[in-house]
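Below is one structure; the comments refer to it alone.
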Amino acid sequence: MPIIVLLVFFAVAAIVVLLVAAGGGLARGQQKQILDRLESVTLAGRRQPQDESLHIIREEILSSVPAINRWLHQLDWFPRLRRILTQSDVRWTLSGLLARCATVGAAAGLALYWRTRVWPFAVLLGVVAAAGPYLWVLFQRSRRFAAFEASLPETLELMVRALRAGYGLTAAIETAAREMPEPVAGELRKCFEEQNFGLEFRQAMLNLAERMPIHDVRLVVTAVLIQKESGGNLAEILEKVAYVIRERFRIKRQIRVHTAQGRLTGWILTAVPVVVGVGVYILNPEHMSKLWTHPTGIKLMYGAVAGTLLGGLVIRKIVRIRI
C-alpha cells in the first residue's frame, strides 16, 4: 500500500513539473493584458461565427508542448476556468492555477502521510488542499462582484446626471469609468473601449453582462438595450433601475443581519471538531492517534468528516436566501 501512495505522489509531482514547464509558453505581463482586451472578441465569437484569420489571432497558446497544448484546448472546462480567472482579476494564468493546485495538494497529502502513515486520509487531505487555490480565486471573484454590485446604484445615478446634462450614453459611460472606483471603472472602461475599437454597442453591453454575471448588471443591460430598440427616456429608466437595485441591496443586507447567527453557527460547528482534534493531538499524540491506527477509529473518522460536511452544507442551505 505505501508503494501505491508513493507512486501516486510521484505522478502528481511529475504533473506539477509538466504544468510548470507548460507555463513557460503562456502569455504574461503585457501579453496577458492583450488577451484580456481580446476577451470581448472571444465572447462575440461564441455568438457569431468569425472568419478563420480572427480565430487564429485570438487562439491562446497554453503550452510550449504541442500535445499538451492541444489537450488543454480540447477540455470543456478550459473556457470556464479562463473566464473565472478574468472575472476574479487574479493575475494568474491557467497553467499557474493548475500548478498551484497540484503543488498544494501534493505537499499537504505527503505531509499528512509522513505523519500518520494512513494513505486514505493523506489522499483525502491532498484532494481538499488542492482545491485551495481555486477556492481562493472564487473568493476573490465573489468579492469583486460584491464591490461592483455595491457601487452600481451610484454609478447609474452618475450616468443619469450626465444624460440630463446633455451627454450621450457612450459619453456617460466614459464619465462613469473616469469617476467611479474599481472594479466598476475597469469594466465600464472596457465597455467604452470595445465601442471605440468598432464593436457594436449591443455586443459591448452583452460582453459586460457576461464578464459580470450579476442579476443587477443583467437588469441594467436589458433596460438599456430595450430602450435602444423601442425608445424612451433613458435617464428616467436608469433612475428607476438604480432605485430598484438600491432597495434590493438594502434587503440583502437586512437578510445578512438576520442570518448572521445561523452563518456563525455553521462556521463554529464546522471548525470546532478540527480545532479540538488538533489541540488534543498536540497535548496527547498517542491518545489521538488511536483514531487512525485502530479500525474502529478510522470508521469514526470517516463518519465525523461526512457528518461535518453534511451539517455545514445543510446550514448553508438554510441561511442562504436568494432575492
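The values are calculated or read from the model by the stated rules, or taken from the named source; none is laboratory data. Quick caveat: nothing in here was measured; it's all calculated off a predicted structure. Glycine also receives a Cβ, built like all others from the backbone with ideal geometry; neighbour counts cover every protein chain displayed.
I'm checking my understanding of the structure. Among residues of the stretch 221-238 that are in contact (Cβ under 8 Å) with a residue 40 or more places away in the chain and within 30 Å of the chain's Cα centre (by Cα), which one is surrounded by the most Cβ atoms within 10 Å (Cβ to Cβ)?
Result: Leu238.
For residues that are among the β-branched types (Val, Ile, Thr) and outside any helix (DSSP H, G or I), tally how many sit in the stretch 286-323.
Within the stretch 286-323, the first condition is being among the β-branched types (Val, Ile, Thr), and the residues that meet it are 293, 296, 298, 305, 308, 314-315, 318-319, 321, 323.
Right, trim to outside any helix (DSSP H, G or I) and you get 321, 323.
Residues flagged as among the β-branched types (Val, Ile, Thr) and outside any helix (DSSP H, G or I) within the stretch 286-323 amount to 2.
Please go through the stretch 115-136 and pick out each residue that is buried (at least 18 other Cβ atoms within 10 Å of the Cβ) and assigned to a helix (DSSP H, G or I).
Trp119, Phe121, Ala122, Val123, Leu125, Gly126, Ala129, Ala130, Pro133 - these are the residues of the stretch 115-136 that are buried (at least 18 other Cβ atoms within 10 Å of the Cβ) and assigned to a helix (DSSP H, G or I).
Answer yes or no as to whether Arg246 is in a helix (DSSP H, G or I) and in contact (Cβ under 8 Å) with a residue 24 or more places away in the chain.
On the way: in a helix (DSSP H, G or I): yes; in contact (Cβ under 8 Å) with a residue 24 or more places away in the chain: yes.
Yes: the conditions hold for Arg246.
Among the residues of the stretch 251-258, is there at least one that is modelled with pLDDT under 85, assigned to a helix (DSSP H, G or I) and not hydrophobic (A, V, I, L, M, F, W, C)? Don't jump to the end; show me each part of the working.
Step one: filter the stretch 251-258 for residues modelled with pLDDT under 85, giving none.
No, because not a single residue in the stretch 251-258 is modelled with pLDDT under 85, assigned to a helix (DSSP H, G or I) and not hydrophobic (A, V, I, L, M, F, W, C).
Being under 24 Å from the mean Cα position of the chain (by Cα), without any contact (Cβ under 8 Å) to a residue 40 or more places away in the chain and within 28 Å of Ala122 (Cβ to Cβ) is the requirement here; does Leu264 meet it? Please lay out each step first, then the result.
On the way: under 24 Å from the mean Cα position of the chain (by Cα): yes; without any contact (Cβ under 8 Å) to a residue 40 or more places away in the chain: yes; within 28 Å of Ala122 (Cβ to Cβ): no.
Spelling it out, it is not the case that Leu264 is under 24 Å from the mean Cα position of the chain (by Cα), without any contact (Cβ under 8 Å) to a residue 40 or more places away in the chain and within 28 Å of Ala122 (Cβ to Cβ).
Is there a residue being loosely packed, with under 12 Cβ neighbours inside 10 Å and either touching a strand residue (DSSP E or B) at 6+ places or on another chain (Cβ under 7 Å) or at pLDDT below 85 (or both) anywhere in the stretch 198-219?
yes
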